[in-house]
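**Q** Got a structure here, written out as structure tokens. Questions coming.
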Amino acid sequence: MTQHTRRFLVVLTITSVIVPAASADKPNIIVIMADDLGYGDVSCYGATALKTPNIDRLASEGLRFTSGYCSASTCTPTRFSFLTGTYAFRKKGTGIASPNNPAIIQPGTVTLPSLLQRAGYKTAVIGKWHLGLGGPTGPNWNGQLRPGPLEIGFDHSFLLPTTNDRVPQVYVQGHRVLGLDPRDPLWVGNRKPSPDHPTGLTHRDTLKMDWSHGHNGTIHNGISRIGFYTGGHAARFRDEDLADEWVKRSVKWIEQNKANPFFLFFSSHDLHVPRMPHERFHGKTPLGFRGDAIVQLDWCVGELLATLDRLKLTSNTLVIFCSDNGPVLDDGYKDGAVTKRGEHRPAGPYSGGKYSVLEGGTRTPLITRWPGRIQPGLSDQVVCTIDFAASFAAMTGVPLPKDACLDSFNVLAALLGEPRAKGREHLVQQDNGRRGNFGLRVGSWKLQRHDSRKKRNAKLKLKTRKVSRYAIFDLANDPAEKTNVAKQHPEVAQRLIKKLEHLIRNKRSRPANQGPGPTR
Ligand code: NG6
Ligand code: CA
């Protein structure tokens, strides 16, 4: 051993003694996940038709990623991957969840919140769930709604069970529908419960917001939904009050848990349909309710940041802002999103959006802020919401079990913007997971794989485009994925195809022997 190495080892030992598992390694964590928010939908990512001062504040005080991703271009698979650290396409039944969907993540699964519980965190999810509730027969709406978030690592949950365009419009607190009167039981189903049950088809002229496709089942609050329900009247909420309620509940929970390290998953419903923000936001943008819902989302971010300031938690809290999939304009209601779009580009420079494996489907705003620890700036490293599990486990010193979080990479250094830190080398992007469409990003290359099962597509009445099964794009010169360059770069195409097929078939992409410390 040279003198130099010896000295280095001594320094290393002393340092590890002097710097214990410091509280700085267990900051509070708030993940704010927007719903259907596109890359170009907020002003710090280039939107000019509206202003998002609070999200912009996060960006100016933190690190704004230009290659921040969610793993799927619909909600349920992204949320599944975010919580389990495993690609949703590996597990059946992870497509968009229906109103009576049983719990998708089974008790005993290692999840992001269960890892943080092991690190001593108090954990909560407040907002949209959309990952199913209850055992194999589905949710028992009038009884105990378990398993659910409390069985997979959350200490506290206050939920909208699915999405608000699906029935029912009630809150689920812990294992119960909040405020349910047992004399008026809640029934939820996918068939009209009686011939005279009013729906968006039979009572279309009474609606305060008309539907454009689907969404013509039971009417509540002047809006018809996907599916049917009766009863539970005392428990029903108004769409306009969702954001206020979740902010109120979150502030209270933060106040109650400020003495511990805490993890809050603030799962906004904005800007998913039906876009019905609180009346005070109506008309705040020229973009109609879709824009107004973005302003409401920004308000929520502002309230959470103000709460951290007020409780003096700002410097010890890592805040991450992200989205669950890319943008969509008409997602089933005539809410003005299409007619009032003007020059606004919801996906920024990218093509595609929600439901698509083009960049617009999964490349979304992603910002990390931790004052004093994260240097404000811009990062072009590839990071994904699926990586939070392995990254937070590494940050808080919790070992990652070998057979858990199969596709979650420890990109903590990149999330914190450490010098020369690297993000992912590769990322698989999926749509809703049923049609076999995938994207693969490796460096500035992008591979698209399109399902060739035309018959099945026809059955689903999906518009079939004439596309080749595989196409490659050079994102550095062609961010909009307009020109397939597979012919010019056959060897790259082959390499990417091999890589994607391997990543799909191999059942995991995180090496089983990944030790602590940053790995790609
Ligand atoms: C689709 C719905 C869409 C939306 C989506 C889920 C129709 C025609 N479309 O099936 O409106 O609810 O599911 O969105 O019903 S997500 O963001 O929660 O994945
Ligand atoms: Ca969504």
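The values are calculated or read from the model by the stated rules, or taken from the named source; none is laboratory data. Values in this document were obtained by computation on a predicted structure and should not be read as measured data. In this analysis, Cβ positions are derived from the backbone assuming ideal geometry, glycine residues included, and neighbour counts consider all displayed protein chains. These accessible areas exclude ligands, DNA and RNA; they are computed on the full protein's heavy atoms, side chains included. Shrake-Rupley method; radii C 1.70, N 1.55, O 1.52, S 1.80 Å.
**Q** With respect to Gly93, is the statement that it is out of contact with any Lys or Arg (no Cβ under 7 Å at 6 or more places or on another chain), within 15 Å of ligand 1 (Cβ to nearest atom) and open to solvent by 10 Å² or more (accessible area, probe 1.4 Å) true?
**A** In short, yes.
**Q** On to the next question. Return a yes/no flag: does the range 423-441 have any residue that is over 22 Å from the mean Cα position of the chain (by Cα), touching a residue at least 12 places away in the same chain (Cβ under 8 Å) and farther than 24 Å from Asp478 by Cβ.
**A** The answer is no; no qualifying residue exists.
**Q** Same structure, new question: May I ask you to verify whether Ile374 is more than 23 Å from Ser73 (Cβ to Cβ) and in contact (Cβ under 8 Å) with a residue 12 or more places away in the chain?
**A** Yes: the conditions hold for Ile374.
**Q** Can you pull out the residues in the range 397-411 that are in contact with a strand residue (DSSP E or B) (Cβ under 9 Å, 6 or more places away or on another chain) and β-branched (Val, Ile, Thr)?
**A** Once the filter is applied, which keeps residues that are in contact with a strand residue (DSSP E or B) (Cβ under 9 Å, 6 or more places away or on another chain) and β-branched (Val, Ile, Thr), the range 397-411 yields only Val411.
**Q** In this structure, is Asp309 assigned by TED's automatic domain parsing to the domain that holds Met395 and either modelled with pLDDT under 95 or closer than 19 Å to Leu366 by Cα (or both)?
**A** no
**Q** Still on this structure: For the range 330-363, which positions are within 28 Å of Ile30 (Cα to Cα) and within 12 Å of ligand 1 (Cβ to nearest atom)?
**A** Matches in the range 330-363: Gly353, Lys354, Tyr355, Gly361.
**Q** Now for a different question. Here are Asp155, Asp181, Asp196, Asp241: which of them is charged (D, E, K, R), surrounded by fewer than 18 Cβ atoms within 10 Å (Cβ to Cβ) and in contact with a helix residue (DSSP H, G or I) (Cβ under 8 Å, 6 or more places away or on another chain)?
**A** So the residue among Asp155, Asp181, Asp196, Asp241 that is charged (D, E, K, R), surrounded by fewer than 18 Cβ atoms within 10 Å (Cβ to Cβ) and in contact with a helix residue (DSSP H, G or I) (Cβ under 8 Å, 6 or more places away or on another chain) is Asp181.
**Q** Moving on. Residues in the range 137-146: is at least one open to solvent by less than 10 Å² (accessible area, probe 1.4 Å), within 20 Å of Ala34 (Cα to Cα) and in the same structural domain as His233 (by TED's automatic domain parsing)?
**A** No - not one qualifying residue is present in the range 137-146.
**Q** Give me the pairs, please: first residue somewhere in the range 145-173 and free of Cβ contacts under 8 Å to residues at least 24 places away in the same chain, second residue anywhere and within 16 Å of ligand 2 (Cβ to nearest atom) and of a type in the set (A, V, I, L, M), beta-carbon distance under 8 Å, and either six or more positions apart or on two chains.
**A** Correct list of pairs: Gln173/Leu159.
**Q** State all residues of the range 285-314 that are free of Cβ contacts under 8 Å to residues at least 40 places away in the same chain and open to solvent by 10 Å² or more (accessible area, probe 1.4 Å); if no residue qualifies, say none. Before the answer, list the steps.
**A** First, the residues of the range 285-314 that are free of Cβ contacts under 8 Å to residues at least 40 places away in the same chain: 292-293, 306, 309-310, 312.
Listed by number, the residues that qualify are Ala306, Asp309, Arg310, Lys312.
**Q** OK, next. Check every one of the strands (runs of 3 or more DSSP E) wholly within the range 127-241 and list those with 3 or more residues that are under 24 Å from the mean Cα position of the chain (by Cα) and more than 16 Å from ligand 1 (Cβ to nearest atom).
**A** 156-160
**Q** When you look at Asn216, is it open to solvent by 30 Å² or more (accessible area, probe 1.4 Å) and modelled with pLDDT under 95, yes or no? Break it down stepwise before answering.
**A** On the way: open to solvent by 30 Å² or more (accessible area, probe 1.4 Å): yes; modelled with pLDDT under 95: no.
Considered against the rule, which asks whether it is open to solvent by 30 Å² or more (accessible area, probe 1.4 Å) and modelled with pLDDT under 95, Asn216 comes out as no.
**Q** In this structure, is Tyr333 assigned by TED's automatic domain parsing to the domain that holds Arg249 and within 25 Å of Arg424 (Cβ to Cβ)?
**A** So Tyr333 does not fit the description; no.
**Q** Let me ask something else. What is the one condition in (1) touching a strand residue (DSSP E or B) at 6+ places or on another chain (Cβ under 7 Å); (2) in the same structural domain as Arg166 (by TED's automatic domain parsing) that Glu255 does not satisfy?
**A** That leaves (1) as the condition not met.
**Q** Right, another one. If you check Thr123 against the conditions, is it away from ligand 2 (no atom under 16 Å from the Cβ), assigned to a loop (DSSP other than H, G, I, E, B) and either hydrophobic (A, V, I, L, M, F, W, C) or within 25 Å of Phe392 (Cβ to Cβ) (or both)? Let's see the steps before the verdict.
**A** Details: away from ligand 2 (no atom under 16 Å from the Cβ): yes; assigned to a loop (DSSP other than H, G, I, E, B): no; either hydrophobic (A, V, I, L, M, F, W, C) or within 25 Å of Phe392 (Cβ to Cβ) (or both): yes.
Taking the combined requirement at face value, the residue does not satisfy it.
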